[in-house]
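Enquirer: This is the structure, below, for whatever I ask next.
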């Protein structure tokens, strides 16, 4: 499946403002980035680096006035989402080193508070993938997905109390539940084809059976069309932009995901 993703952000800047952006998807096992556009208006110096999670990030200082960011990518993604009922739990001593950080509590995922709850949700399930699938199903049935209901990340505890949230909130609770039973889990932010309403999206992955698998309680069923931009422990690690100084907010945020043919010419 070939997808064309785009994101346009526009700001009104009052004073020179440092930004860290995370808007470039990278090629990996589940996606290949065939073409990219990355434009800033006005054009200014940008310094790129790779963060501790392997995400491509850009540092810049936005000048006063109108400031815009335009990104576009042509991405080849898998035609189906891998599922693996019965994939086994990986014992802690056998986990790869780079997965261990996804076992620990983090700012928005208080895993230490959900052990009993996760044990009850996953009772009678095979250890591993089936436990995470039970958590995903529980979230889908018990936590209302309400797009646009919150602009500020909230923790898994608060999501569980509210019983509702946006995509990142359901991901936070799913991650905390997985970690509480010693399954590594991480947040992913990116795009989803045919998401309604269209916007940037968040979901989570769990490490079972020797690899990462996708889970998304906001959708009735997993379907192809995911494009990952960034990975992290929770929303604090995967913000598509962070700015420093007097707060500024986008006056325009437009996200689009279209299916294209593999040989479709560039715009």
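Enquirer: Relative to the first principal axis of the alpha-carbon coordinates of the chain, what is the inclination of helix 129-142, with its axis defined by its Cα atoms, in degrees from 0 to 90 and to the nearest 10?
Expert: Compared with the principal axis, the helix lies near 70 degrees.
Enquirer: State, in angstrom, two size descriptors of the range 154-210 derived from its alpha carbons: Rg to one decimal place and Dmax to the nearest whole number.
Expert: Both quantities, over Cα of the range 154-210: 12.2, 34 Å.
Enquirer: Tell me the angle of helix 167-180 to the major Cα principal axis of the chain, expressed in degrees between 0 and 90 and rounded to the nearest ten.
Expert: It works out to around 40 degrees.
Enquirer: Next question. Please tell me the relative contact order of the range 92-226 in percent, rounded to the nearest whole number, where contacts are Cα pairs under 8 Å and at least six residues apart. Walk me through the numbers before you get to the answer.
Expert: Values: 227 pairs, mean separation 35.6, N = 135.
Value for the range 92-226: 26 percent.
Enquirer: Decide, for the range 1-74, between rounded, prolate and oblate: order the square roots of the alpha carbon gyration tensor eigenvalues as a ≥ b ≥ c, take rounded if a/c falls under 1.5, and otherwise choose prolate if a/b is larger than b/c, else oblate. Provide the component values of the computation, followed by the final result.
Expert: Values: a/c = 3.01, a/b = 1.67, b/c = 1.80.
Oblate.
Enquirer: Please rank 47, 19, fewest neighbouring Cβ atoms within 10 Å first, as an exposure proxy. Let's see the in-between values first.
Expert: Details: 47 8, 19 21.
Ranking 47, 19 by Cβ neighbours within 10 Å, fewest first, gives 47, 19.
Enquirer: So for the range 1-158, averaging the separation of alpha carbon pairs under 8 Å that are six or more residues apart and normalising by length, what relative contact order in percent results? Could the numbers behind the result be given before it?
Expert: On the way: 209 pairs, mean separation 40.3, N = 158.
Relative contact order of the range 1-158: 25 percent.
Enquirer: Is the C-alpha gyration tensor of the range 52-101 telling us rounded, prolate or oblate? Criteria: a/c under 1.5 is rounded; beyond that, a/b larger than b/c is prolate, otherwise oblate. If you can, show how the numbers build up before the last one.
Expert: Numbers: a/c = 4.85, a/b = 1.86, b/c = 2.61.
Since a/c reaches 1.5 but b/c is at least a/b, the shape of the range 52-101 is classed as oblate.
Enquirer: Once you've got the GNM for the chain with C-alpha springs shorter than 10 Å, pick whichever of 230, 245, 148 has the biggest mean-square fluctuation.
Expert: Sorting by GNM fluctuation, first place goes to 245.
Enquirer: Springs between alpha-carbon pairs under 10 angstrom, Gaussian network model over the chain: which of 63, 197, 42 fluctuates most?
Expert: 197
Enquirer: Sticking with this structure for a sec: To the nearest 500 deg cm²/dmol, what mean residue ellipticity at 222 nm is calculated for the chain from DSSP H runs of n ≥ 4 alone, each contributing -39,500 (n - 2.57), summed and divided by the residues? Before the final figure, lay out the partial values.
Expert: Details: 4 runs with 42 residues, N = 267.
It comes out at -4500 deg cm²/dmol, rounded to the nearest 500.
Enquirer: I've got another one for you. Using Cα pairs closer than 8 Å and at least 6 residues apart in sequence, work out the relative contact order for the chain, in percent. Working shown, then result.
Expert: On the way: 596 pairs, mean separation 75.4, N = 267.
The normalised contact order for the chain reaches 28 percent.
Enquirer: Follow-up. Which ordering of 215, 244 is given by a fewest-first count of other beta-carbon atoms within 10 Å?
Expert: Values: 215 26, 244 10.
With the sparsest Cβ surroundings first, the list reads 244, 215.
Enquirer: What whole number of Å gives the distance from the Cα centroid of the range 1-78 to the Cα centroid of the range 205-253?
Expert: With the range 205-253 and the range 1-78 each reduced to a Cα centre, they are spaced 15 Å.
Enquirer: Take the range 92-226, drop everything but the C-alpha atoms, weight them equally and run the Debye formula without solvent; then report log10 I(q)/I(0) at 0.12, 0.13 Å⁻¹ to two decimals.
Expert: Once normalised to I(0) and log-transformed, intensities are -0.41, -0.49.
Enquirer: Can you put 178, 113 in order, fewest other beta carbons within 10 Å first? Let's see the in-between values first.
Expert: Details: 178 30, 113 15.
The most exposed by this proxy come first: 113, 178.
Enquirer: Let me ask you something else. Based on the Kirkwood radius over alpha-carbon pairs, what is the Stokes-Einstein translational diffusion coefficient of the chain at 10 °C with 1.306 mPa s viscosity, in µm²/s? All intermediate terms of the calculation are to be shown ahead of the outcome.
Expert: Details: Rh = 19.3 Å.
Using the Kirkwood radius from Cα pairs, D works out to 82 µm²/s.
Enquirer: I would also like to ask the following. Assuming 0.36 nm per residue, please report the length gained on full extension of the stretch residue 97 to residue 20 beyond their Cα-Cα distance.
Expert: Working: separation 77, 0.36 × 77 = 27.72 nm, distance 2.71 nm.
Result: 25.0 nm gained on full extension.
Enquirer: Please state the shape class of the range 35-154: rounded when a/c is under 1.5, otherwise prolate if a/b exceeds b/c and oblate if not, all from the C-alpha gyration tensor.
Expert: Values: a/c = 2.12, a/b = 1.94, b/c = 1.09.
Judged from the Cα gyration tensor, the range 35-154 comes out prolate (a/c at least 1.5, a/b above b/c).
Where a number appears in this text, it was derived from the coordinates with a stated rule and is not lab data. What you are looking at is a predicted structure, and each value in this text was computed from that prediction instead of being measured. Ideal geometry is used to build each Cβ from the backbone, glycine not excepted, and the neighbour counts take in all protein chains shown.
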